[in-house]
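Student: Got a structure for you, questions after.
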Amino acid sequence: ENMNNDSSPPRFNEESLSPLKADEQTSQVGGKRRKLKPLTIETEDVSTVQSKEKDKDAKEGESTTVRRRSNFTAGTVDTANSSNPEQHGYTTALPTVGKMASRRRSRDEQHLDIKKLKSNISGATSVRKHLKVEDDDLHLQNKFNKKEFFTSMIYETLPPVFGSPLLALALEGPTRAYHFMNHRLFLPVDTSYQKTNGGAIIYIWWIVMIPIFMVIHCGLWGGIFFSEQLNIDIFEPIMALLAFLCRNSILSIKYAYYSDDELEGVRSAAPDWTDAHQFRKLIGNGWRYPLEHEGLVEEELNLAQQLIDVHLGAPSFKVEDKEVAKFLRSFDCHPDFAADNHHNDPDEVSAAFLVHQFIRMSFKDDIPFGINAKIANFAPLVCALAPNLVRLSKDQWAFGETHVEKLCHSGIFIARFMFFAQLFIFGYIAVHDFMRRRNAMKLLGRMTCYPGIRLEDFLTSKDTRGEKKDKELAKKKAKEEAKKAKEAKKTLGKIYAQEVPLEPLREEDKVTEDESKDLEQGDAGGKKTTVNSPELKSMRLYIDLREGSNAFSWVLSRRAVKAFGMGYFSRVQAYIGVLFVWAICAMIILNGIFWSSQHHNVGTIYYMVFAVFTVSICVLTAIAEATKLQELVTIHRMILKNEIFAIDQTLSDNAQIEDRRKRGLTPPAPTTANVSGDRSLDDRLKGGPALMKGPPAVLPLLSPFRKNTPKPQTFQELTETRERLEHSKRILKTADDLIGYQEEIHMPVNVMGVHATNGVYNSTIGILLTLAFLAVEGFSSGGLKYNGAG
């Protein structure tokens, strides 16, 4: 069960294909280091090991702690050499939960798989078949669970402590309900379920949150059913209740996209599912700062490979610049996503490495504090205070006069502030997620266009924990250094005041030159390149899609980036739809008030108009970003078509040269047009007539990807190059068709349940403006009048 998760390179015997000295390896599980049992896996016995573990699981019966038997690359950051992961900005490591929540495996098995896949690279697109993985549940992942959605809606709408626990007892049974209520905080009584900060959240929940929810329920339902007796505008609690239901819908969508193992974990005992798991699944915590959570990016990337049935460790990109390839292959990164997978060539880098770096670079940024962030920060407070400030300006009590009125007004005020704050946060995180995914896709496209992409634009340090956390750690480190410098200065001042001579440096304390080099190189045994390396800024990565299997690797990388974090991505697409539904419902209510001349307060109108305006901005911004993300599909397809067109022209030129030479005619000069747009061909054509001299068996050849090497001139080389070009052309055509079908027909970017296009953006604006014009017409023709009280 406890596979090797050490960060050092695997000790591997190429003859027997089995790990060496497995009894000397260790693993850290549950915060303890312990020796592993001797492990020997032969290449032909991988399926046997899987079947044995499967039989063992069947004998033990159902268990929520599922073993590490995933057949894909490991996705966790090694903490065996760090006693406290939080020192590096990580949250605490999590125990194993579920087949999809735990995607860790032995690195020896990982290299065995890569060895097998490398011998037949086409197997990288059908990993389950290649490795004989028998798992019928993979195709069911990332599916919307309607039953869980409606059940969670009822749970969240009922008041905690009283309503939700009783429903849990009726639906789940006593034992499962106890676990469920503690995990979901409906009736938290056991601190073992909430271990963060020593279970302090339970005390905060009982002292602060549960009373707040009780006041909210009293205000909402009291204001709706007793509005006349309490002198409350009935549309105030109705709009707050609408926001409450939208907030509950968003939370229910989260649980609806949980896998079966995760849903079982929420209903299981504390060791199998804790608040740390919950935080990782939250959009406002885990997905807002994914790099802060240990192994979250790696787990989601491995899950993406499982969902699309590929293995990015097998395919590699052939890099034209050998120095760039050498730099990347020695880059200090996550050991499971290294550029050098021990099986690719010296001028190749693993596709897993580039995808991992692109994702880390794109997902490390916090939400930019622009106009959208300012709206998200200040709009909830304005929405909450607007009706109360209007009443105060009309010489009325802002929160009512009697104690019951104050209780209801306070509940409605808290509901407006809290629920709108959550809605805006969810909305703008969704906007930011579209932007991050677009940046990752743009990096994939930029590296295929000459002169390529700068290394500093996508390489990240393995210690990076996101923009927000890095700033916090930098400030903390600066304070510690300032404190140490102050103490050292104080100590040095005392030494000078006492005129005590400094003790000379002892000979045994001096660091020799060799030791200094060892310190720089670290424990890896060779010098590692980092983001601080001086040669980084002058290097670029360019991938020629016509070279080798680069097109094949590029398509697999695009699919993995598209499937990365698919569970979160499906949720944020649904969140925008929920916000749009709220805006539509609010506009319908506003039209109903004006056209039917319902009794209302002017403060409610101000609040509704401002809320609809800000929510509409959030929805339109999200649709615009989703449309930009979808437009990258056509841009990338144009890159492929451009390469195909260039190859066709080159093949035509070479065929014409060969035909004329066979007939004894002087071959014409090849086409000098820069068809592919990636590099100029003028340099290759210099001295062309001199190449025409020689025996009849020698012909000039224009190769689109030959650089700094002699042009093939014999008929045999001509034939080989023509076959290579035709092979590249077939791969590029297939890649173009695959991307077009998958991302334009089968699984395009959706928002509000429809394909993200400019038409959706225009339709959304049209619906909102139509309802707004109708409301204005109803207000002007309804003959509404407001008294001094508003």
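Student: Sorted from largest down, what three extents in whole angstroms do the Cα atoms of the stretch 357-456 have along their principal axes?
Tutor: 72, 21, 16
Student: For THR719 paired with ALA485, estimate the spin-label separation in nm (one decimal), with each label point 7 Å from Cα along the Cα-to-Cβ line.
Tutor: Spacing of the two 7 Å Cα→Cβ label points: 7.3 nm.
Student: Please list log₁₀ I(q)/I(0) at q = 0.27 Å⁻¹ for the stretch 181-263, using the Debye equation with identical point scatterers on the alpha-carbon positions.
Tutor: Once normalised to I(0) and log-transformed, intensities are -1.18.
Student: If you don't mind, there's one more thing I want to ask. Which translational diffusion coefficient, to the nearest whole µm²/s, is obtained for the stretch 605-651 from the Stokes-Einstein equation, given a Kirkwood hydrodynamic radius over C-alpha pairs, 37 °C and 0.692 mPa s?
Tutor: Taking Rh from Cα pairs, D becomes 239 µm²/s.
Student: Would you mind checking the pairs LYS147/LYS254; LYS254/LYS468; LYS364/LYS476; LYS146/LYS195 and listing those with alpha carbons more than 21 angstrom apart?
Tutor: LYS254/LYS468; LYS146/LYS195
Student: Expected output is a single nm value to one decimal: the length gained when fully extending between ARG540 and ASP365, i.e. 0.36 nm times separation in residues minus the C-alpha distance. What is it?
Tutor: Additional length available on full extension: 60.8 nm.
Student: Oh, and also: Obtain the nm distance between the two label points defined at VAL754 and SER781 by a simple spin-label model: each point lies 7 Å from its Cα along the Cα-to-C-beta direction.
Tutor: 2.7
Student: Starting from the Cα of VAL404, move 7 Å in the Cα-to-Cβ direction to define the label point; list residues of the stretch 196-225 whose amide nitrogen is under 19 Å from there.
Tutor: Counting only backbone N, you get 214-225.
Student: Go through the stretch 214-227 residue by residue and turn each phi into a ³J(HN,Hα) via Karplus (6.51, -1.76, 1.60, θ = phi - 60°); whole Hz please, and just put x for glycine and proline.
Tutor: Each residue of the stretch 214-227 in turn: 5, 5, 4, 5, 5, x, 5, 6, x, x, 6, 8, 10, 5 Hz.
Student: To continue, here is another question. Using amide H atoms built 1.01 Å from N in the peptide plane, name the residues 5+ places from VAL749, or on other chains, whose amide H lies under 5 Å from its own.
Tutor: Distant-sequence amide H within range of VAL749: ALA756.
Student: Still on this structure: Can you compute 3J(HN,Hα) from phi for each residue in the stretch 747-752, using the Karplus curve 6.51 cos²θ - 1.76 cosθ + 1.60 with θ = phi - 60°, rounded to whole Hz and x for Gly and Pro?
Tutor: Values per residue, Gly and Pro as x: 9, x, 6, 10, 9, 6 Hz.
Student: Using the Karplus curve 6.51 cos²θ - 1.76 cosθ + 1.60 with θ = phi - 60°, what ³J(HN,Hα) values do you get for each residue of the stretch 388-400, in whole Hz, with x for Gly and Pro?
Tutor: 5, 5, 5, 4, 5, 6, 9, 6, 10, 5, 5, 10, x
Student: Report the dimensions of the stretch 296-426 along its three principal axes from the alpha-carbon atoms, largest first, rounded to Å.
Tutor: Taking the Cα atoms of the stretch 296-426, the three principal extents are 80, 28, 21 Å.
Student: So, in nm, how far is label ILE635 from label ILE212 when the simple model puts each one 7 Å beyond its Cα toward the Cβ?
Tutor: Placing both labels 7 Å along Cα→Cβ, they lie 4.1 nm apart.
Student: I need the calculated FRET efficiency for the pair VAL189 and ASN285, taking r as the beta carbon distance and R₀ as 25 Å, to the nearest 0.05.
Tutor: In this case the efficiency is close to 0.60.
Bear in mind these aren't lab numbers, they're just calculated from the coordinates by the rules spelled out. Remember, it's a predicted structure, so these values are computed and weren't measured experimentally. All Cβ positions, glycine included, derive from the backbone under ideal geometry; neighbour counts span all protein chains shown.
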